[in-house]
1. If one takes the longest principal axis of the Cα atoms in the chain, at what angle in degrees, from 0 to 90 and to the nearest 10, does the Cα axis of helix 114-132 lie?
2. Using the number of other C-beta atoms within 10 angstrom as an exposure proxy, rank HIS83, HIS160 with the fewest first.
3. As a check on your grasp of the helix formula, calculate [θ] at 222 nm for the chain: sum -39500 (n - 2.57) over DSSP H runs of n ≥ 4, divide by the residue count, round to the nearest 500.
4. Using the alpha-carbon centroid of each, what span in Å lies between segment 21-69 and segment 141-198?
5. Which of these, PHE94, PHE215, PHE27, has the largest mean-square fluctuation under a Gaussian network model of the chain (Cα springs below 10 Å)?
6. Cut-off is 10 Å between beta-carbons; in what order do CYS149, CYS13, CYS81 appear when sorted fewest neighbours first?
7. Report the local net charge at SER192: Lys and Arg +1, Asp and Glu -1, summed over other residues whose C-beta lies under 15 Å from its C-beta.
8. Hey, what do the phi angles of segment 92-109 turn into as Karplus ³J(HN,Hα) couplings, whole Hz, using 6.51/-1.76/1.60 and θ = phi - 60°, x for Gly and Pro?
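What follows draws every value from the coordinates through simple rules; no lab data is involved. Keep in mind the model is a prediction, meaning the values are calculated, not measured. Ideal geometry is used to build each Cβ from the backbone, glycine not excepted, and the neighbour counts take in all protein chains shown.
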Amino acid sequence: MRDRFDPLDIALCLAFFTRLPLPHFDFRDRALADAIWAAPVAGLAVAVIASAAYAITTWLGPPIGPAAALALAAAMLTTGCLHEDGLSDVADGFGGGSTRERKLEIMRDSRIGSYGTAALVISLLLRWSALAALAGPAQVFAAFIAAHCASRALPGALMHVLPPARAEGLSASAGTVSQESALLGAAIGAMSLLILGLGPALAALVLLVLLLAGFGALCRRQIGGQTGDTAGALQQLGEIIVLLVAAASFS
C-alpha cells in the first residue's frame, strides 16, 4: 500500500499545478489523486510570486490598479492559466451544450466560445477589483495566501465526492481521491484562511463549503460527475470568493 502522505506530493503538485522550474523527481508512479492534499501548498507558491509582483510594482511607483493587474498576470503565468482554461471550458460546455455528451464534447474542444470568454472577463474583473480595493502589499499578501491556498483545497474534495464524468481524461487518469487526502487538503486550506482574521476566515469557509456543494450538484446534473475542467473552474470560483471576502473585511 502506498504512503498516504508522501513529502514528494508537494513537488508533484508544484510540477502539475505550476510552470516553476523544478529539479527532476522520481515520483515512483504516484498518482495525482494521492498527492492532491498538497495542492494548497502549490497555491502558496503562486501566492508568494503574485504578492512579490504586486509589491515590486507598487514600490516602483504605479498606482494600485496596474499593480493589481500585474499581480494577476504573474499568478497566471506561474500556473500557465491552467485553472482559467478550466473555467472557460466549463462555461462553454455548460452554457452551450444541450446534452451531457455535447457538453463534454465542447469542454474538450480547445477553442473558446462566447460563454468561456465572458466567464474569463468576469473572473478577471472580479479578482482585479477585489485586489484594487485593498490598501497595500501586506493586505494583498494576506488575501493572496488565503485565496490561492484555500481555493486549491476544493478540487480534491470535488474529486472525492463525484466520480469522473468520462472513462478517460485527466480526472479519470488522476485516480481516486481518498477521504484522508481530501480532508487533509481541506484542513490546510481552512488554516490558510486564518491569515484574514477569525471572522473573515469563518465567513470565507462557509461560502466555500456552499460553493463546493452547489457546484458539485451542478456538475452532477450537467455531466454526471467531474472532470479536470470542472476542478479548475471550481478553483477559480473559490479564489474569487476569498478575494471578495478579503476586500470586504479589509476595507
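1. Between helix and principal axis, roughly 30 degrees.
2. Details: HIS83 27, HIS160 20.
Ascending Cβ contact count within 10 Å gives the list HIS160, HIS83.
3. Values: 13 runs with 186 residues, N = 251.
Mean residue ellipticity at 222 nm (helix-derived): -24000 deg cm²/dmol.
4. 16 Å
5. PHE27
6. With the fewest neighbours first, CYS149, CYS13, CYS81 line up as CYS81, CYS13, CYS149.
7. With Lys, Arg at +1 and Asp, Glu at -1, the neighbours total 0.
8. 5, x, 5, x, x, x, 9, 10, 4, 5, 5, 4, 5, 5, 5, 5, 7, 5
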